[in-house]
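Each remark here refers to the structure printed beneath this line.
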Amino acid sequence: MKERIKINATISSCMIQAFTGIPFLLALAGMLMALVIGGFSSVWSAFETYKNELLDYGMHFTVLQKALQSEAVYLMLPVVCSLPFSAAFLEDISCGFIKSYLPRAGRGHYIAGKITAAGISGGSAAAIGVALYYQMLRLLLLPMEKAAMGDLAGLSYGKDVGRVCVLFFCAGMLFSLIGMLFSIVTSSKYMAYASAFVLEYVLIILRERYLKRLFVIDPREWLHPQDAQWMFGELGAVLLMVLLIVLVVMVLIVVMMRRIGEI
C-alpha cells in the first residue's frame, strides 16, 4: 500500500511539473500556430466565398483536415511535443536535483514518473492543440455555413475530431519519448527537441525515395491512415504507434537506469 502511494505521489509530482510549466503552454501555442499557418489559405478562401454565398455545411471540418495535413504541422509537431518534459531528466541531473530526490522516490518510481509525464504531456499538447483549433474554426466558420439539410441533418463531426485527437495524442507521446531517449543517449538537452524532428524527416525521405511500398514507416501515414492500406484502418495506425511507444519505453528504462547508476 505504501509503495502504491509512493509511486502515485511521484507520478503526480512529475505530471504537475509537466502540465503547469511554461514549456507546456509554449507547446500548445506552437501547435496552434502550426495549425493556423497550415489552414490559413483555406480560411482565407472560405472568407472570399462567403462574400458571395453561404459556405457548404462542414466547411469548418474540411479546413481542419487541410490544416492537419499541412507541412507546417508535420514540421512543428515533433518539436512542440518534446517541449513540455522531454529534457526533464537531463535537467535534473545537470542541476543536481536528482541526488536529493532519488533517495526519497526510489529509482523505479522516479523513472516511471518521468517517462509517464513526458509521454502524456507531449501527447496532450498535440491533442489539445487540435481540439482547440477545431473549436476556433467552429466559432469562426460555422455561422457562415448553410444549415444542414437532408442527409447532413444531425451530422456531427465530434467523433471524427475525437479519432484525430487520439492519433495525434499517440504520435505526440511517441515523439516526446523519442526526444527524451536521444537526449539521454547523447547527453544533450537540445537533442530532446531536435531528434524526433530529424527522425521524422529521415523516415519520410526513406519512404518517398527508397521504400515507397513500406508506408508504415512514414509518420504522415500514422497521422492520416488510409483504410485501404492499413489493416484495421485507423486502429491499425494506433496499434503501431502504441507498439513503438512500448519499445521506446523499454529502451528508456534501461538507459535511464544506467545513467542513474553513473551518478
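The values are calculated or read from the model by the stated rules, or taken from the named source; none is laboratory data. Note that the structure is predicted; figures quoted are calculated from it, not measured. Reconstructed Cβ throughout: ideal geometry from the backbone, glycine too, with neighbour counts over all protein chains shown. These area figures cover heavy atoms from the full protein model, side chains too; ligands, DNA and RNA do not enter into them. Shrake-Rupley method; radii C 1.70, N 1.55, O 1.52, S 1.80 Å.
General remarks:
- Boolean, PHE89 is among the aromatic types (Phe, Trp, Tyr), open to solvent by 10 Å² or more (accessible area, probe 1.4 Å), touching a helix residue (DSSP H, G or I) at 6+ places or on another chain (Cβ under 9 Å) and within 19 Å of MET257 (Cβ to Cβ): no
- Residues located in segment 206-223, provided they are exposed (fewer than 15 other Cβ atoms within 10 Å of the Cβ) and either out of contact with any helix residue (DSSP H, G or I) (no Cβ under 8 Å at 6 or more places or on another chain) or not β-branched (Val, Ile, Thr) (or both): LEU206, GLU208, ARG209, TYR210, LEU211, LYS212, ARG213, LEU214
- The set of residues in segment 72-86 that are aliphatic (A, V, I, L, M) and open to solvent by less than 10 Å² (accessible area, probe 1.4 Å) comprises VAL73, LEU77, VAL80.
- Matching option when the condition is aliphatic (A, V, I, L, M), surrounded by fewer than 16 Cβ atoms within 10 Å (Cβ to Cβ), touching a residue at least 40 places away in the same chain (Cβ under 8 Å) and farther than 16 Å from GLY108 by Cα, among VAL251, VAL238, VAL246, VAL242: VAL242
- Looking only at segment 153-174, and only at residues there that are open to solvent by 10 Å² or more (accessible area, probe 1.4 Å) and aromatic (Phe, Trp, Tyr), the one that is modelled with the lowest pLDDT: TYR157
- Residue in segment 73-80 that is closer than 26 Å to ILE184 by Cβ, β-branched (Val, Ile, Thr) and assigned to a helix (DSSP H, G or I) present: yes
- Among the candidates GLY129, GLY123, GLY150, residue that is modelled with pLDDT of 95 or more and under 23 Å from GLY58 (Cα atoms): GLY129
- Residues of segment 27-49 classified as closer than 12 Å to LEU68 by Cα, in contact (Cβ under 8 Å) with a residue 60 or more places away in the chain and more than 17 Å from the chain's Cα centre (by Cα), total: 1
- SER42 being surrounded by 15 or more Cβ atoms within 10 Å (Cβ to Cβ), within 21 Å of LEU174 (Cβ to Cβ) and among the polar types (S, T, N, Q): no
- Residue in segment 50-71 that is touching a Pro at 6+ places or on another chain (Cβ under 8 Å), in a helix (DSSP H, G or I), surrounded by 22 or more Cβ atoms within 10 Å (Cβ to Cβ) and touching a residue at least 24 places away in the same chain (Cβ under 8 Å) present: no
- Test: residue in segment 143-155 that is assigned to a helix (DSSP H, G or I) and either under 15 Å from the mean Cα position of the chain (by Cα) or closer than 15 Å to MET31 by Cβ (or both): no
- Any chance THR20 is open to solvent by 60 Å² or more (accessible area, probe 1.4 Å), among the hydroxyl-bearing types (Ser, Thr, Tyr) and within 30 Å of LEU102 (Cα to Cα): yes
- Residue-level check: of (1) touching a Lys or Arg at 6+ places or on another chain (Cβ under 7 Å); (2) open to solvent by 60 Å² or more (accessible area, probe 1.4 Å); (3) at pLDDT 90 or above, ILE184 misses just (2).
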